[in-house]
Amino acid sequence: MIRIILFLLLIALAAAGAAWMADQPGDLVLNWDGLRFTSKQPMYLLGLVVVVAMVAGVILRGLWKIPSHLRRGRRERRHARGRHAITQGLLAIGHGDSAGARAHAEVARRHAANDPLALLLHAQSAQLDGDRDGAQRAFRAMAERADTRLLGLRGLFIEAQRADDPVAAVMIAEEALKMSPSSSWASHAVLGFCCAKGDWAGALSIIDNNQSAGLIEKATYRRQRGVLLTARALEFETVDRDLSRSSAMEAVKLAPTLIPAAVLAAKFESEAHQVRRAMRIVETAWLAQPHPDLADAYSHVRLGDAARQRLVRVETLAAKTPGHIEGALAIARAAIDAAEFARARAALEPFIAAPTQRVALLMAEIERTEHGDSGRARAWTLRAVRALHDPVWTADGYVSDRWRPVSPVTGRLDAFQWQTPVAALPSDKGHAIEPSPFEEAMLAPRRVEPPMEVASEPEVAKAVEPVEVKPAEVKPVEVKPSEPAAPTAQDNVPLPAAIEAEPAPAPAEPAPPEPAPAPAAESAPPAPAPLFRSRTDLPKAAPAPIPAVIPIIRAPDDPGVDEDGPVDEFAEQIGPPKAQVGGWRGFLSRLGS
């Protein structure tokens, strides 16, 4: 609006000036190199002079600005070439062309040395080539500029991490966090460092800054703050009980399903004789995810209870998640402590077909404690070695025996989860457990033999009565080869009693002819029932060798046993190898062989 008013004022003034000059009397005469211009109306001549002056001014101004236009054009062409080189270089980095990225980076440095993207292209091409020194120089140059300082610090932080220099990385992250509190990577790095050194106050302040800056949501903020408070409570549990208690209670309010917070808070409530409140805390976390620590805290929520009372309480907790293995394991543990072995077996029965390690170990403890059966306990222990793994605290592939607030691999907060390790998951190619024959034999149900009847004893005695060993039937040990003698049958496995009662060998007269076989009409006496039965699940032992006191009968043409024994090729003394003939003689000898 103001500009329109000023424009109208200027037009009015110009019109007033022209009217005033037109009203002035007189002549306007112009003499220039013999030319004479005379005008009765000087306004026209004055207008002509003004137009000529304006044209001359425009020409002179154009001539004056020609050098600046040339410099500007050259600069714009260089800038366009640099931009083109930066674009092509970033594309080359995107598809992994290190040589092309390096060439485009050199072109961008020549034509656009002060462009931030040219510095970034140079740094990334150096990283792609593995030139860490060049990348660090480029990132330092970026960190010295105000517009690219944060980007340069980010690159230096990454290079410090690659060089395994955590001190330099944390210092760079702290500098970046001071410059930009809303930087997520800097806050994440400083948070991990604070958790690593146990600076829980600093970690809590960073979490608060992230929440105020809008980097994390409210639910995530509550969870992460509960994790940090739980870590502080666990650290100060034996040092500062008041601080530990307040931290645990605040943590369980922020994250009710956090297992370590629930366990610690229930412990403090139990010590304060707030049994119902402690039970509610554990039940809330148990419904979210059953855990053995929760079951243990629930069973000991009232100090001084007997083992049977703890068993009843654990059964109440396990009933809230029916069919879950953690509930069955908790019941079995409490039943073993209460000497209720039948209840423990009933709890573990659904999981015996494909047991986990804890199930197998509990079954081994039941066998050892209830029956004192070390064989079956050892079989269950052997089965536990090759059984499926139970859930453990896992974070980024790292398995820990206890909960931790931060992953030691990536520094991520609240990374540990109660789950089965990835390496222990069964594949789809076959079963994860293949019981061996030994385990099947040891774990087979006991077979109770019926008691032997007394009436069978006379039959055994009657069957043994006709068996007699006469000295006349035994030949002497030393027999001359020229004397023919018929070999007699010999029992290779005699009874020990018969061996002890057998008299010493003596020369005897020729044996009388064998009696005729009994007629077929006479039936043989029934075979006695065996006193011991051989087990099919165990390999049969080799028969015991015959003692030397029993005379050995040999045939006349039997050369006898070699007294030297079998030759052991490994027991022979191996002499030094024969030297090989060298030269042309040795070559001829080897050629002939």
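The values are calculated or read from the model by the stated rules, or taken from the named source; none is laboratory data. Bear in mind the structure is a predicted one, so any value in this text is a computation, not a measurement. Positions of Cβ are backbone-derived with ideal geometry, glycine not excepted, and every protein chain shown enters the neighbour counts. SASA here: full protein model, heavy atoms, side chains in, ligands and nucleic acids out. Shrake-Rupley method; radii C 1.70, N 1.55, O 1.52, S 1.80 Å.
For the range 17-32, which positions are exposed (fewer than 10 other Cβ atoms within 10 Å of the Cβ) and either assigned to a helix (DSSP H, G or I) or modelled with pLDDT of 70 or more (or both)?
TRP20, ASP23, ASN31, TRP32
Within the range 315-323, identify whether any single residue is farther than 18 Å from HIS291 by Cβ and in contact (Cβ under 8 Å) with a residue 12 or more places away in the chain, and answer yes or no.
To start, the set of residues in the range 315-323 that are farther than 18 Å from HIS291 by Cβ comprises none.
There is no residue in the range 315-323 that is farther than 18 Å from HIS291 by Cβ and in contact (Cβ under 8 Å) with a residue 12 or more places away in the chain.
Looking only at the range 240-253, filter to residues that are among the hydrophobic types (A, V, I, L, M, F, W, C) and farther than 18 Å from GLN417 by Cα; which one of those is surrounded by the most Cβ atoms within 10 Å (Cβ to Cβ)? It would help to see each step written out before you state the result.
First, the residues of the range 240-253 that are among the hydrophobic types (A, V, I, L, M, F, W, C): 243, 248-249, 251-252.
When the remaining residues are screened for being farther than 18 Å from GLN417 by Cα, the result is 243, 248-249.
Details: LEU243: 14, ALA248: 29, MET249: 17.
Among them, the one singled out is ALA248.
Assuming GLU326 fulfils every condition listed in (1) out of contact with any Phe, Trp or Tyr (no Cβ under 8 Å at 6 or more places or on another chain); (2) under 21 Å from HIS389 (Cβ atoms); (3) open to solvent by 20 Å² or more (accessible area, probe 1.4 Å); (4) touching a residue at least 12 places away in the same chain (Cβ under 8 Å) apart from one, which condition is it?
Evaluating GLU326 over (1) out of contact with any Phe, Trp or Tyr (no Cβ under 8 Å at 6 or more places or on another chain); (2) under 21 Å from HIS389 (Cβ atoms); (3) open to solvent by 20 Å² or more (accessible area, probe 1.4 Å); (4) touching a residue at least 12 places away in the same chain (Cβ under 8 Å) leaves (3) as the failure.
Run down ALA338, ALA278, ALA342, ALA288 and say which single residue is buried (at least 21 other Cβ atoms within 10 Å of the Cβ) and of a type outside the set (Lys, Arg). I'd like the intermediate steps shown before the answer.
Working: ALA338 fails: buried (at least 21 other Cβ atoms within 10 Å of the Cβ); ALA342 fails: buried (at least 21 other Cβ atoms within 10 Å of the Cβ); ALA288 fails: buried (at least 21 other Cβ atoms within 10 Å of the Cβ).
Sole residue among the options that is buried (at least 21 other Cβ atoms within 10 Å of the Cβ) and of a type outside the set (Lys, Arg): ALA278.
Looking only at the range 109-125, count how many residues are open to solvent by less than 60 Å² (accessible area, probe 1.4 Å) and over 45 Å from the mean Cα position of the chain (by Cα).
Residues meeting the conditions: 3.
Taking the condition part of a helix (DSSP H, G or I), closer than 19 Å to ARG386 by Cα and open to solvent by 10 Å² or more (accessible area, probe 1.4 Å), does ARG358 pass? Break it down stepwise before answering.
Working: part of a helix (DSSP H, G or I): yes; closer than 19 Å to ARG386 by Cα: yes; open to solvent by 10 Å² or more (accessible area, probe 1.4 Å): yes.
Criteria met by ARG358.
Going through SER270, SER299 one at a time, which residue ends up being in contact (Cβ under 8 Å) with a residue 12 or more places away in the chain and within 23 Å of GLY226 (Cβ to Cβ)?
Values: SER299 fails: within 23 Å of GLY226 (Cβ to Cβ).
Testing whether each residue is in contact (Cβ under 8 Å) with a residue 12 or more places away in the chain and within 23 Å of GLY226 (Cβ to Cβ) leaves just SER270.
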